[in-house]
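Undergrad: Shown below is the structure under consideration.
What follows is calculated from the coordinates using simple rules that are stated; it is not laboratory data. Note that the structure is a prediction, hence the values are computed from the model and not measured. Counting neighbours? That spans all protein chains shown, and the Cβs are built from the backbone with ideal geometry, glycine included.
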């Protein structure tokens, strides 16, 4: 009886709903320390091989090293790193007779300060991570759900282009409350898309920003301030970092993916666990 109760409790904990951003455990993690680990780069970006790229990071257009280190991806203008995850059937609902699995996708993004260069929107000390971030691409047509920077509002933008196609913004959060702006950025932020895991049928975009801005304090921020309906039946075949239309000098690291087995698989698992508990009782 104790074994059965413990299994029921474990399943209940797996299905519990959290009130904040997802923190783990993770099904897959990529640290990129020694290789690109299956991610494929398009455009002029590259994996920053520690054997070739200095510890201070790649040299940026300002003539100085980025400060973002190596063993990660440098993904400047219109470049991206993509991973084929079609076999994982991540998404929601049912597509082609296959049940999709809710997921959380997260990655770290390094935002460099490009002073003394100038000419950026609003006079910012760089081009931020404009139209660069994390995306999950629909298997059929590569339309994406994404979370990325938007320099035109000094903030972050999330949108599900497979479904409602509405901007979910958090404006001005990429500004820092320090002066002069040569002290801005040169820091890592974290972006996360939670697609149906924390709240079934809803997706939420989160960002960890380690500085105070005119409109927010350092810490986790729910981008757009809400939880939004998922596409009822969608299959995401690829994960992506960077951006096909980006204007940035950002680096990307520490990608993580959590996949939740769809209910039918969970039912099979529960039945198997119950049978295992029954066998233990018979043996005892």
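Undergrad: Test of understanding: ordering 238, 110 by Cβ neighbours within 10 Å, fewest first, what list do you get?
TA: 238, 110
Undergrad: Looking only at the chain, where both bridge partners belong to it, what percent of the DSSP beta bridges are antiparallel (to the nearest 5)?
TA: 95
Undergrad: Can you tell me the length gained on complete extension of the stretch residue 99 to residue 42, counting 0.36 nm per residue apart and subtracting the Cα distance? Write down the numbers at each step before the final one.
TA: Numbers: separation 57, 0.36 × 57 = 20.52 nm, distance 3.05 nm.
Full extension of this stretch gives 17.5 nm more.
Undergrad: Of 27, 162, 244, which has the largest mean-square fluctuation in a 10 Å C-alpha GNM of the chain?
TA: Evaluated over the chain, the most mobile residue of the options is 27.
Undergrad: Moving to a separate point now. Could you give the angle, 0 to 90 degrees to the nearest 10, between helix 2-15's Cα long axis and the longest principal axis of the Cα atoms of the chain?
TA: Roughly 40 degrees, rounded to the nearest 10.
Undergrad: Could you tell me how far the Cα centroid of the range 54-79 sits from the Cα centroid of the range 187-248, in Å?
TA: Between the Cα centre of the range 187-248 and that of the range 54-79, the gap is 24 Å.
Undergrad: What ranking do 246, 87, 42 get, fewest neighbouring Cβ atoms within 10 angstrom at the top?
TA: 87, 42, 246
Undergrad: Relative contact order of the chain, please, whole-number percent, based on alpha carbon pairs below 8 angstrom and at least 6 residues apart.
TA: Taking the mean separation of contacting Cα pairs over the length of the chain, I get 27 percent.
Undergrad: Sorted by average packing, counted as other Cβ atoms within 10 angstrom per residue and highest first, what order do 88-98, 148-158 take?
TA: 148-158, 88-98
Undergrad: Right, something else. Please compute P(r) over all alpha-carbon pairs of the chain, binned at 10 Å starting from zero, and give each bin as a whole-number percent.
TA: Whole-percent P(r) values from 0 Å outward: 7, 28, 31, 20, 9, 4, 1, 0.
Undergrad: Would you mind computing, in nm to one decimal, how far apart the modelled labels at residue 227 and residue 55 are, each placed 7 Å from Cα along Cα→Cβ?
TA: About 4.4 nm separates the two model spin labels.
Undergrad: What is the helix-to-structure angle for 263-283, meaning the angle in degrees between its Cα long axis and the longest Cα principal axis of the chain, kept from 0 to 90 and rounded to the nearest 10?
TA: Tilt relative to the chain: about 50 degrees.
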